[in-house]
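Below is one structure, written out as structure tokens; the observations come after it.
Nothing in this text is a laboratory measurement; each read-out follows from the coordinates by a stated rule. Quick caveat: nothing in here was measured; it's all calculated off a predicted structure. Heads up, the Cβs are rebuilt from the backbone with ideal geometry, glycines too, and the neighbour counts pull from every protein chain shown.
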């Protein structure tokens with residue numbers, strides 16, 4: 001495993017507030033209460049004000065594969081900058097390697113079917129998305145609220161499901177020990193059945209972003 005990847009996992013394991021899901025197939029962590037309810041409320045308002053239909057990197061012919069809405073969050077806004085800094089402090093990852101924070105909104109019936117966050121080698125958009133900053137390394141996702149029903153995140157290969165919980169962070173390494181992409185990170189943002197779900201996503205890359 002690259003020292004870059006293993007140092008992140010080691011740092012997360014050292015944090016007493018962080019729990020690691022015991023699986024030999026991937027490095028998967030969670031931390032409750034990572035974000036305060038007030039900050040969650042502020043971020044939800046930003047997402048609602050500037051959302052657009054979500055897209056996927058490699059179109060697969062399924063118009064209903066990802067039906068949520070997305071918002072790029074402005075790092076000049078104090079609550080966004082503070083969250084970005086907190087994720088980098090928790091992980092030890094270089095802020096220069098981070099993509100801008102994104103917010104996602106899922107209304108009733110919306111989902112993101114089983115997918116991985118890395119760019120599929122050989123995919124039609126692989127070269128375009130990886131040319132400058134390289135492959136995605138780590139994902140940090142935070143639930144901003146709890147919908148009335150549905151909206152769980154299910155890691156299908158290992159049979160682990162996280163229910164939305166306000167302020168809870170879920171993080172995983174998108175790569176294996178040898179640096180190759182890890183198909184065991186396959187996960188499904190399941191349909192919201194009642195209410196609305198909001199999440200924040202932060203991805204890191206192999207090289208500085210943009």
Across 10 Å bins from 0, what is the distribution of all Cα-Cα pair distances for the range 93-135, in whole percents? 20, 39, 34, 7
Most mobile of 95, 37, 24 in a GNM of the chain (Cα contacts under 10 Å): 24
Percent relative contact order for the chain, counting Cα pairs under 8 Å at least six residues apart, stands at 29
For the chain, what does the helix formula give at 222 nm: sum of -39500 (n - 2.57) over DSSP H segments with n ≥ 4, over the residue count, nearest 500 deg cm²/dmol? -6500 deg cm²/dmol
Of all DSSP beta bridges having both residues in the range 105-210, the percent classed as antiparallel (nearest 5) is 95
Label-point separation in nm, residue 154 to residue 11, each point 7 Å along Cα→Cβ: 3.3
Any number yet on Rg/Rh for the chain, C-alpha, Kirkwood? 0.93
Debye intensity ratio I(q)/I(0), log10, the range 100-210, q values 0.14, 0.16, 0.20, 0.22 Å⁻¹ (C-alpha model): -0.59, -0.76, -1.09, -1.23
Extension gain, residue 194 back to residue 113 (0.36 nm per residue minus Cα-Cα distance, nm): 27.4 nm
Angstrom value of the Kirkwood radius, inverse mean 1/r, which spans all Cα pairs in the range 68-154: 15.2
